[in-house]
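A quick write-up on the structure given underneath.
The values are calculated or read from the model by the stated rules, or taken from the named source; none is laboratory data. As the structure is a computational prediction, the values presented were derived from the model and not from experiment. For neighbour counting, all protein chains shown are included, and Cβ atoms are generated from backbone atoms with ideal geometry for every residue, glycine included. These accessible areas exclude ligands, DNA and RNA; they are computed on the full protein's heavy atoms, side chains included. Shrake-Rupley method; radii C 1.70, N 1.55, O 1.52, S 1.80 Å.
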Amino acid sequence: MKIKVIGDSLAAGVGSSNIEETNEVLFRDLLKKYCRIKTYNAWHNLLEKYYKDNNIDCTITNYGTVGAFSYQINKYLDKLVSKEDDIVIVLVGINDRKRVNGLKELNTNLRSIIDKLKSMNKTIVVLTPTPSTTKNEYYENRIYHTKDIVKIIREICLEKDVLLIDLYEYINKYLEDNKLELEDIIYGDNSRNDGFHPSDKVQKLMYEKIVKDINMI
């Protein structure tokens with residue numbers, strides 16, 4: 001079984017400790033190159049270790065990349081997904097918060113991504129982004145908020161009948177059940193402490209939700 005992860009920095013696992021930037025270009029546009037990132041303590045590595053520990057033949061390749069918008073993942077999908085991939089995990093949309101027509105773009109592009117993957121006979125898993133701190137949500141370049149992105153993703157997955165793993169809901173419930181604030185868990189040593197990218201603690205929570213739900217496939 002081969003799993004491909006595509007999307008933005010949340011998909012890539014940025015925020016976890018022990019990150020290595022590479023020169024492997026996933027795609028490029030007129031302004032910049034979007035390169036692969038190796039994140040050794042991120043959720044997808046924990047998932048791959050779970051499969052290995054349970055003697056399940058599975059490899060996970062992560063093609064998430066920093067700063068990617070949903071329109072880019074849609075446009076360059078053929079560079080990100082190969083015929084050998086069995087399952088494609090998609091996590092996009094959080095950067096669309098910064099675009100004037102970001103919600104409409106996400107609505108259009110996620111639908112297109114799902115339709116293309118279905119035409120390629122891929123098993124599709126869509127993740128919602130994890131929560132951001134209030135401070136991060138209200139940076140000047142945030143035209144929309146994470147909850148707006150999550151709402152669109154939920155609606156599309158329901159309509160398109162694809163597996164949705166709702167990390168946003170899961171993390172918020174964890175905080176509520178444990179009487180914690182997001183600030184209590186999102187920061188970590190050797191991590192990108194910006195109130196947005198998940199620390200190792202949150203990466204582990206992401207993994208716990210994903211491994212439980214993905215086994216329903």
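For this structure, a couple of remarks:
- Scanning segment 127-175 for residues that are assigned to a helix (DSSP H, G or I) and of a type in the set (A, V, I, L, M, F, W, C) returns ILE149, VAL150, ILE152, ILE153, ILE156, CYS157, LEU158, LEU167, ILE171, LEU175.
- Top-ranked residue in segment 8-61 [being in contact with a His (Cβ under 9 Å, 6 or more places away or on another chain) and closer than 18 Å to LYS75 by Cα; ranked as surrounded by the most Cβ atoms within 10 Å (Cβ to Cβ)]: ALA11
- The residue pairs whose first member lies in segment 37-51 and is at negative phi, whose second member is among the basic types (Lys, Arg) and open to solvent by 20 Å² or more (accessible area, probe 1.4 Å), and whose beta carbons are closer than 8 Å, counting only pairs six or more residues apart or on different chains, are TRP43/LYS204; LEU46/LYS204.
- The set of residues from segment 189-217 being of a type in the set (Val, Ile, Thr) and assigned to a helix (DSSP H, G or I) comprises VAL202, ILE210, VAL211, ILE214.
- Single match in VAL100, VAL81, VAL88 (criterion: β-branched (Val, Ile, Thr), farther than 27 Å from GLY188 by Cα and open to solvent by 40 Å² or more (accessible area, probe 1.4 Å)): VAL100
- When segment 62-72 is filtered for residues that are open to solvent by 20 Å² or more (accessible area, probe 1.4 Å) and under 22 Å from CYS157 (Cβ atoms), the ones remaining, listed by number, are TYR63, PHE69, TYR71.
- Which numbered condition GLU105 misses (of (1) under 17 Å from ILE165 (Cβ atoms); (2) open to solvent by less than 50 Å² (accessible area, probe 1.4 Å)): (1)
- Helices (runs of 4 or more DSSP H) completely within segment 1-101 that count 3 or more residues being within 14 Å of the chain's Cα centre (by Cα): 9-12, 43-53
- For segment 136-147, the criterion of being under 14 Å from the mean Cα position of the chain (by Cα), closer than 19 Å to VAL5 by Cβ and at pLDDT 95 or above is met by none of the residues.
- Filter result for LYS75 (at negative phi and open to solvent by 80 Å² or more (accessible area, probe 1.4 Å)): yes
- Residue check for ILE152: in contact with a Ser or Thr (Cβ under 9 Å, 6 or more places away or on another chain), open to solvent by 10 Å² or more (accessible area, probe 1.4 Å) and β-branched (Val, Ile, Thr): no
- Counted residues, segment 177-217 - those being over 17 Å from HIS44 (Cα atoms), within 18 Å of the chain's Cα centre (by Cα) and of a type in the set (S, T, N, Q): 1
- Restricting segment 160-217 to residues that are modelled with pLDDT under 95, over 21 Å from ASN18 (Cα atoms) and touching a Leu at 6+ places or on another chain (Cβ under 9 Å), the residue that is least open to solvent (accessible area, probe 1.4 Å): ILE214
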